[in-house]
1. Cut-off 10 angstrom, C-alpha nodes, Gaussian network model of the chain. Which of 88, 43, 115 fluctuates the most?
2. Could you pull out the GluC sites (Glu not before Pro) across the stretch 54-147 that fall in loop regions by DSSP (anything but H, G, I, E, B) with no more than 10 other Cβ atoms inside 10 Å?
3. Once all Cα-Cα distances of the stretch 43-103 are split into 10 Å bins that start at 0, what whole-number percent is in each one?
4. At a 1.4 Å probe radius, carbon and sulfur cover how many percent of the accessible area of the chain?
5. Quick check: convex hull of the Cα atoms in the stretch 1-131, volume per residue, rounded to a whole Å³?
6. Can you find, among 21, 62, 182, the residue sitting farthest towards the positive end of the charge dipole of the chain, where Lys and Arg contribute +1 and Asp and Glu -1 at Cβ?
7. Percent antiparallel among DSSP beta bridges with both residues in the chain, to the nearest 5?
8. If you count only protein heavy atoms with a 1.4 Å probe, what accessible area per residue comes out for the chain, rounded to a whole Å²?
Amino acid sequence: MVVSHRLLELALDDAALEGDLLVPERPMGLVVFAHGSGSSRLSPRNQQVARYLADQGLATLLFDLLTVEENVIDERTRALRFDIDLISSRLIGAVDWVGQASETRGLRIGLFGASTGAAAALIAAAERAEQVRAVVSRGGRADLAGDQLAAVRAPTLLLVGANDPTVLRLNELARQRIPGRCELVVVPGATHLFEESGTLEAVQAHAARWLLRFL
């Protein structure tokens, strides 16, 4: 499938953030990624999943949740990567941005969050219930979405490694608090980062199934 790739800048209310947009011919929807703590849009795992989804016919947007200056501060203090309010507001801003941008306007929106980015995705789904049609979490800290879990109506897929017991337990608890459709899939042999052979490919397949169904 022919996929166009464009570097862009998301001009949000409080920041200008760099992003990578992949758009296949006749996209069936758009997936906005929220990377995990200490990562960026250049996360090799998220890039691999984004390319796979684009090959399946979904446009994808990977973008930095922090500015260059904020990244410098975060590398020193490690404070901003766990600022869920901040990264959630950035993701909500990105949802609003793609809803207006000429290349993505009119596409149904799904969110893919990893680690702390999954909490941001669930909060954005609660805050933008009309725009966000589906959520996928990979090794996500869904629990960090707190009381916002009770407002998530978008169909949600929680993907957790079988060898990531703490996160698995937190996701089991989060699933009970999400009132909308929510499925928890345990990926055999996977730890938190899904670095084991075949585990990220399992994530891709599950994510594509979910997102293509609901977008």
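1. Of the options given, 43 has the highest mean-square fluctuation.
2. Loop-located and lightly packed - 130.
3. Whole-percent P(r) values from 0 Å outward: 19, 39, 34, 8.
4. About 49 percent, which is the carbon plus sulfur part of the accessible surface.
5. On the way: hull volume 12.1 nm³, N = 131.
So the per-residue hull volume is 92 Å³.
6. 182
7. Roughly 35 percent of the beta bridges in the chain run antiparallel, per DSSP.
8. 44 Å²
The values are calculated or read from the model by the stated rules, or taken from the named source; none is laboratory data. The structure presented is a predicted model; accordingly, all values stated were derived computationally and were not measured. Positions of Cβ are generated from backbone atoms using ideal geometry, with glycine treated the same way; all protein chains shown enter the neighbour counts. Ligands, DNA and RNA are excluded from the accessible area calculation, which covers all protein heavy atoms including side chains. Shrake-Rupley method; radii C 1.70, N 1.55, O 1.52, S 1.80 Å.
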